[in-house]
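Report on one structure; see the data block that follows.
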Amino acid sequence: MSDKTVLFDKHLEYKGKIVDFAGWQMPVNYGSQVDEHHQVRNDAGMFDVSHMVILDLHKATEAGDIKALLQRLLANDVAKLTENGKALYSCMLNPEGGVIDDLIVYYMTDDWYRIVVNAGTAAKDLAWFNQHADDFGVSVKARDDLAMIAVQGPHAREKAFEVLPLDVVEAATPLERFFGADCGEWFVGRTGYTGEDGFEIMVPDSEAPALWDKLAGAGVKPCGLGARDTLRLEAGMNLYGSDMTEETSPLISGLGWTIAWLPEDRDFIGRSIIEKEKADGVRQKIVGLILEERGVLRSHQKVVVEHDGKQLEGEITSGSFSPSLQKSIALARVPIEIGDFCGVEIRGKILKARVVKPVFVRDGKAV
């Protein structure tokens, strides 16, 4: 039996096409995935992301140390967070250096950090946090009482301000990107998963349906998970379970920039393994691909790389048709020897693809 968010009835009311996603009944679109994609790129759209899980970490003892816990669990270093509301993106690794999950952590005070984790990994994430939290005197609480609506697009903030409560508007107006603001029962983060500006708004379950209607009335159109996926792919943002897994390190998933190697004595879980991997020489990397011929790039298609008379292989991790570029694009894990072009095996044929940086569109513009 799949779970439903508090906005499920709204999805039906707005004619959403419901599919199962990570054990949740979620809208894939409300009629046209392509129209919803362009709505976010050109104006403002909203997504129900209440299936994601919000974790609040608090000190459970007087000697409790949340920062020390997160410095142990995360590959990035939360000591960078010194301003109230500042957010940090990080991978959480297993002892083998694989990615348990990627997440966003907000530093609110020394006694309170807020973390948002993926829906499909929420149960194992919570178990992992709880397994280590007692050693650092920290309590971990899953905020099942909160819904989350992502409002994204070049006009997302101004349209959201039309309907948000005055105190929320006052708290959110000065927010820089990758900061969050505590507004009592509400919380607003200037974050997102589309490559566009906007907010991720966390609200009590009881207030979420009314906020959905108000945003729709202000011209923020409902969008489904289909458009969210093409938007994040164009922005070169990784998808857990596709571009990274528990079997892949961040070094071969295009996430080396999220690893804080300093200070050298910070012994985060998985460090020794990926440190050795780095020292030995990483043999794969994530690149962007743009198909030069007719066809559609999809996950798990074979990538063929010619190098020094040898044929090397890689694999597409995420692929789709790009509504913004009107071309088929992909993220692919490939040998580091790859050049400016490669081949992709599609239906028994090798088609030519151009190799680019793994970011295709940001803030509405082709990169």
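The values are calculated or read from the model by the stated rules, or taken from the named source; none is laboratory data. These numbers come from a predicted model, not from an experiment. Glycine also receives a Cβ, built like all others from the backbone with ideal geometry; neighbour counts cover every protein chain displayed.
A few points about this structure:
- When T230 is tested against (1) in a helix (DSSP H, G or I); (2) out of contact with any Pro (no Cβ under 7 Å at 6 or more places or on another chain); (3) buried (at least 22 other Cβ atoms within 10 Å of the Cβ), just one condition goes unmet, and that condition is (2).
- Listed conditions (1) in contact with a Pro (Cβ under 8 Å, 6 or more places away or on another chain); (2) assigned to a helix (DSSP H, G or I); (3) of a type outside the set (D, E, K, R) are all met by I269, apart from (2).
- Residue check, T121 over 24 Å from I274 (Cβ atoms) and out of contact with any helix residue (DSSP H, G or I) (no Cβ under 7 Å at 6 or more places or on another chain): no
- Test set (1) assigned by TED's automatic domain parsing to the domain that holds C223; (2) over 24 Å from W24 (Cα atoms); (3) in contact (Cβ under 8 Å) with a residue 12 or more places away in the chain; (4) touching a Phe, Trp or Tyr at 6+ places or on another chain (Cβ under 6 Å) - V151 fails condition number: (2)
- Any strands (runs of 3 or more DSSP E) falling wholly within segment 11-67 and containing at least 2 residues that are closer than 19 Å to S139 by Cα: 53-59
- Residue that is farthest from V151 (Cα to Cα), among those in segment 245-261 that are in contact with a helix residue (DSSP H, G or I) (Cβ under 7 Å, 6 or more places away or on another chain) and buried (at least 22 other Cβ atoms within 10 Å of the Cβ): S249
- Among residues of segment 22-34 being touching a Pro at 6+ places or on another chain (Cβ under 9 Å) and surrounded by fewer than 23 Cβ atoms within 10 Å (Cβ to Cβ), the one that is nearest to P323 (Cα to Cα) is V34.
- The conditions of being surrounded by 22 or more Cβ atoms within 10 Å (Cβ to Cβ), over 30 Å from K214 (Cα atoms), touching a residue at least 60 places away in the same chain (Cβ under 8 Å) and out of contact with any helix residue (DSSP H, G or I) (no Cβ under 7 Å at 6 or more places or on another chain) are met by L74.
- Among (1) over 27 Å from L262 (Cβ atoms); (2) out of contact with any strand residue (DSSP E or B) (no Cβ under 9 Å at 6 or more places or on another chain); (3) buried (at least 17 other Cβ atoms within 10 Å of the Cβ) - the single one A156 does not satisfy: (2)
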